[in-house]
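*Asks:* I have a structure here, written as structure tokens, and I will follow up with some questions on it.
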Amino acid sequence: MSRKLPKGFEALEPFIAIWSANTAAQRDNLRTTVPAQQRAAFHRVIAPLANQALDQLDEKGLANFDAADENLMQLLLAYAHVGHAEEVQGSDEAKHAATRPRLRFTRAPADRATNADSLP
Amino acid sequence: MNAESKAFEQVSQERVAFLGTRPIPAKPYYDADWFELEREAVFRRSWMCVGHICEVPEKGSFIRRELEVLKASLLIVRGKDEKLRAFHNVCTHRGTQLVEEAQGKRTRFSCPYHMWTFGSDGELVSAPDFEQFHVAKEDCALKQVALEVIAGLIFVNFSKEPEALSDQLGDLVTQMESLPVARATTFSEYVYEIDANWKLTYDNFQENYHLRFIHPRSGGAACGKDNPFGYPAEVDFHGDHRTQTIWSNPDASAPAVQELGFGRTIPAAMEKGLLNTDAGRKYFALFPSFFMFGTPVQNFVHVVYPISAEKSRGVIRLYWVDEDGSASERFGREAIMVTAHDVHCEDTAVIEAGQRGISSGALEHIHMQTQESLCRHLFNVVEEKVHAYQAERNGS
């Protein structure tokens, strides 16, 4: 049976179903809509692993990613959003979430499906 | 004592005394008649940023841009001769808009109505039964708009013979060219619409007085004991344009996600020579409504496009050199984008609250302090241009 994540990151497996997303806009939406307790649980697990995960993926190289590496990358990208909720906004996150839909992400280098351009 | 440890000194009133100290009239921030004057006096005569050359990399690449303030649709095309041109997206037969797609690649642009077909240089190539017309083909080229590229950014100007933007900017061009944007091949983007006048929206981003109140969590590194309001270390004025040098709190510590995000992009940025700039803390505010923050690993451009007297649109882009080269770079770019986005999200509600207050007509004037001198400068320049336009129109 193939692994869902590279060896050493099994603790993150329960989070793949929720936190894998194709675009920055989707990741931002997950930050806003996933219940706060689930968001905090994901953060507790991924934050201490992020440095090591990036080292390992850097060593592998983007061009050589298999499905497990790609899953780990997607979780790290979700951490880029969730980390801001937990580490920057903290108890203000709910208030902050109300402001975010006003500024829509339309494009990011990590997006797997590139959106249409949106300059006026 | 080196520059890093030097105590913060705020910009003195003497430095900005030439801008005056009068209260600023409130009406130009909501009045529809004033906005109509700005359309002609400011926006039809100024350079506006509409994109980046990385969007039109090859012969035939094009982008379409809508500029509501001038009721204009523009087609920006790289011709067969590699030259970049801007045209009105308007068929010269009977005015139909030629292109609906936001971007693409073509060698010909055909009007859907009667199939008049134009080349990537704007010339009319063919038109069915053209012999029936009473005009020469060479007089039917697409109407061109002045275009200039600075630091990879595409600016357009609707004046017939505008002063070159590079001449207006002088030394700022070299500084802008030293930033990643000048070599960018891709970007992140987020956009917003706001129920607020373009100046009121823009002003929010050229003063730091509000930082500690509106961004108590996300703006931490911008304020400190020496500088509790996060005022700029320096401001400068360049004709209609202006800059400020952002002060950073040397004692601030970043949350782990930001430390990881910024830290993981620095090796690649260093390898690409992106850290070699003197403009790394500079905020470029180009008239009328363009910003660029110079930080090499968070080099973002923010343009506020007016829609009406009380409605605007913002487009924010973070420019990157090369596609993601590693997992670290991919993660870092996403995290750095979210850092900027978190700050910008916090501004919209308070800008709209300001607009509602001003639009109520309760105030005849608003007030700007010494550390809001960039806002005062913008208003002074706008007012001067509107008055000059009125005088020109009245023949005086």
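*Asks:* For the protein assembly as shown, what class follows from the C-alpha gyration tensor (a ≥ b ≥ c being the square roots of its eigenvalues): rounded when a/c is under 1.5, otherwise prolate if a/b is larger than b/c, else oblate?
*Replies:* It comes out oblate by the Cα gyration axes.
*Asks:* Checking the cross-link filter: which lysines have an alpha carbon closer than 23 Å to that of B:K225, excluding same-chain neighbours under 8 positions apart?
*Replies:* Here the lysines satisfying the reach criterion relative to B:K225 are B:K6, B:K282.
*Asks:* Something else now. If you fit an axis through the alpha-carbon atoms of helix B:373-393 and take the longest principal axis of the Cα set of chain B, what angle between them do you get, 0 to 90°, nearest 10?
*Replies:* In chain B, helix B:373-393 runs at an angle near 30 degrees to the longest axis.
*Asks:* Which residue, B:E101, B:E58, B:E207, tops the fluctuation ranking in a GNM of chain B built on C-alpha contacts under 10 Å?
*Replies:* Fluctuation is largest for B:E101.
*Asks:* If you don't mind, another one. Springs between alpha-carbon atoms under 10 Å, Gaussian network over chain A: tell me which of A:N22, A:N51, A:N71 tops the mean-square fluctuations.
*Replies:* A:N51
*Asks:* Return the lysines within reach of A:K7: Cα separation strictly under 20 angstrom, same-chain partners fewer than 8 residues apart disregarded; answer none if there are no such residues.
*Replies:* A:K60
*Asks:* While we're looking at this one, here's another question. Between B:R106 and residues 5 or more places away or on another chain, which pairs have amide H atoms under 5 Å apart, with H built 1.01 Å from N, and which residues are they?
*Replies:* When sequence neighbours closer than 5 places are left aside, the close amide H contacts are B:S61, B:F62.
*Asks:* Report, in deg cm²/dmol and to the nearest 500, the calculated mean residue ellipticity at 222 nm for chain B, where each DSSP H run with n ≥ 4 adds -39500 (n - 2.57) and the sum is divided by the residue count. Walk me through the numbers on the way to the answer.
*Replies:* Values: 9 runs with 97 residues, N = 396.
Value at 222 nm, helices only, nearest 500: -7500 deg cm²/dmol.
*Asks:* Under a GNM of chain B (C-alpha, springs under 10 Å), which listed residue has the highest mean-square fluctuation: B:H114, B:H215, B:H344?
*Replies:* Highest fluctuation of the listed residues: B:H114.
*Asks:* Determine by what factor the alpha-carbon radius of gyration of chain A differs from 2.2 N^0.38 Å, reporting the quotient. Could you put the intermediate results ahead of the total?
*Replies:* On the way: Rg = 14.8 Å, N = 120, 2.2 N^0.38 = 13.6 Å.
Cα Rg divided by the expected 2.2 N^0.38 Å: 1.09.
*Asks:* Which order do you get for B:E310, B:E148 if you rank them by accessible area with a 1.4 Å probe, largest at the top?
*Replies:* Heavy-atom accessible area, descending, gives B:E310, B:E148.
*Asks:* For the protein assembly as shown, list the cysteines whose Cβ sits under 4.7 Å from no other cysteine Cβ?
*Replies:* Lacking a cysteine Cβ partner under 4.7 Å: B:C49, B:C54, B:C140, B:C223, B:C345, B:C375.
*Asks:* Follow-up. Below 8 Å, C-alpha to C-alpha, sequence gap of six or more: please give me the relative contact order for segment B:51-161 in percent.
*Replies:* It rounds to 24 percent for segment B:51-161.
*Asks:* On a 1.4 Å probe surface of the protein chains, which of B:F18, B:F262, B:F331 comes out largest in accessible area, and what is the full order?
*Replies:* Largest accessible area first, the residues go B:F18, B:F262, B:F331.
*Asks:* For B:K160, A:K60, B:K282, A:K95, give me the order by solvent-accessible area with a 1.4 Å probe, most accessible first, ignoring ligands, DNA and RNA.
*Replies:* B:K160, A:K95, A:K60, B:K282
*Asks:* Explain nothing, just compute: Karplus ³J(HN,Hα) = 6.51 cos²θ - 1.76 cosθ + 1.60, θ = phi - 60°, for every residue of segment B:330-343 in order, whole Hz, x for Gly and Pro.
*Replies:* Running phi through 6.51 cos²θ - 1.76 cosθ + 1.60 with θ = phi - 60° gives 5, 5, x, 5, 5, 5, 5, 4, 5, 4, 5, 4, 4, 5 Hz.
*Asks:* Let me ask something additional. Could you list, bin by bin from short to long, the percent of Cα-Cα pairs of chain B in 20 Å steps?
*Replies:* 25, 55, 19, 1, 0
*Asks:* How large is the accessible surface of B:T243 in square angstrom, using a 1.4 angstrom probe and rounding to the nearest 10?
*Replies:* Counting only protein heavy atoms, B:T243 exposes about 0 Å² to solvent.
*Asks:* Roughly what angle does helix A:50-60 make with the longest principal axis of chain A, taking Cα atoms, 0 to 90 degrees, to the nearest 10?
*Replies:* With both axes taken from Cα atoms, the answer is about 50 degrees.
*Asks:* I've got another one for you. Roughly how much of B:L19 is accessible, in Å² to the nearest 10, using a 1.4 Å probe?
*Replies:* 10 Å²
*Asks:* Just to verify a number: what accessible area does B:S326 come out at with the full protein assembly present, 1.4 Å probe, Å² rounded to tens?
*Replies:* 30 Å²
*Asks:* So what J values fall out for segment B:124-133 if you push phi through Karplus, 6.51 cos²θ - 1.76 cosθ + 1.60 with θ = phi - 60°, rounded to Hz, Gly and Pro as x?
*Replies:* Ordered by residue, 3J(HN,Hα) equals 6, 8, 7, 8, x, 6, 5, 4, 6, 7 Hz.
*Asks:* Under a straight-distance cross-link criterion of Cα-Cα below 17 Å, which lysines are reachable from B:K311, leaving out those fewer than 8 residues away in the same chain?
*Replies:* The qualifying lysines are B:K27, B:K71, B:K199.
*Asks:* Here's another thing I want to ask about it. Could you go through segment B:107-112 in sequence order and give the Karplus-derived ³J(HN,Hα) for each residue, using 6.51 cos²θ - 1.76 cosθ + 1.60 with θ = phi - 60°, rounded to whole Hz, and x for Gly and Pro?
*Replies:* 9, 9, 10, 9, 6, x
*Asks:* Return one number: the angle in degrees, 0 to 90 and rounded to the nearest 10, between the long axis of the Cα atoms of helix B:256-271 and the longest principal axis of the Cα atoms of chain B.
*Replies:* 60 degrees
*Asks:* For Cα pairs less than 8 Å apart in space and 6+ apart in sequence, what is the mean separation divided by the residue count of chain B, i.e. the relative contact order in percent? Mind dumping the intermediate values first?
*Replies:* Details: 737 pairs, mean separation 86.1, N = 396.
Answer for chain B is 22 percent.
*Asks:* Shifting gears a bit: Show that you can apply the helix-only estimate: for chain A, add -39,500 (n - 2.57) for every DSSP H stretch of four or more residues, divide by all residues, and state [θ] at 222 nm to the nearest 500.
*Replies:* That comes out to -15500 deg cm²/dmol.
*Asks:* What does the charge count around A:H84 come to, taking other residues whose C-beta lies under 9 Å from its C-beta (Lys +1, Arg +1, Asp -1, Glu -1)?
*Replies:* Once all neighbours under 9 Å are counted, the net charge is -3.
*Asks:* Please list the non-local residues whose amide H lies under 5 Å from the amide H of B:T186, H modeled 1.01 Å from N, same-chain partners needing a gap of 5 or more.
*Replies:* HN-HN under 5 Å from B:T186: B:W320, B:D322.
*Asks:* For the charge dipole of segment A:1-99, defined by +1 on Lys and Arg C-beta atoms and -1 on Asp and Glu C-beta atoms about the Cα centroid, which residue among A:L57, A:S91, A:Y79 has the Cα displaced farthest towards the positive pole?
*Replies:* About the Cα centre, the residue reaching furthest to the positive side is A:S91.
The values are calculated or read from the model by the stated rules, or taken from the named source; none is laboratory data. Computed from a predicted structure; not experimentally measured. Backbone-built Cβ (ideal geometry, glycine too); neighbour counts: all protein chains shown. For accessibility, only protein heavy atoms count, side chains too; no ligands or nucleic acids. Shrake-Rupley method; radii C 1.70, N 1.55, O 1.52, S 1.80 Å.
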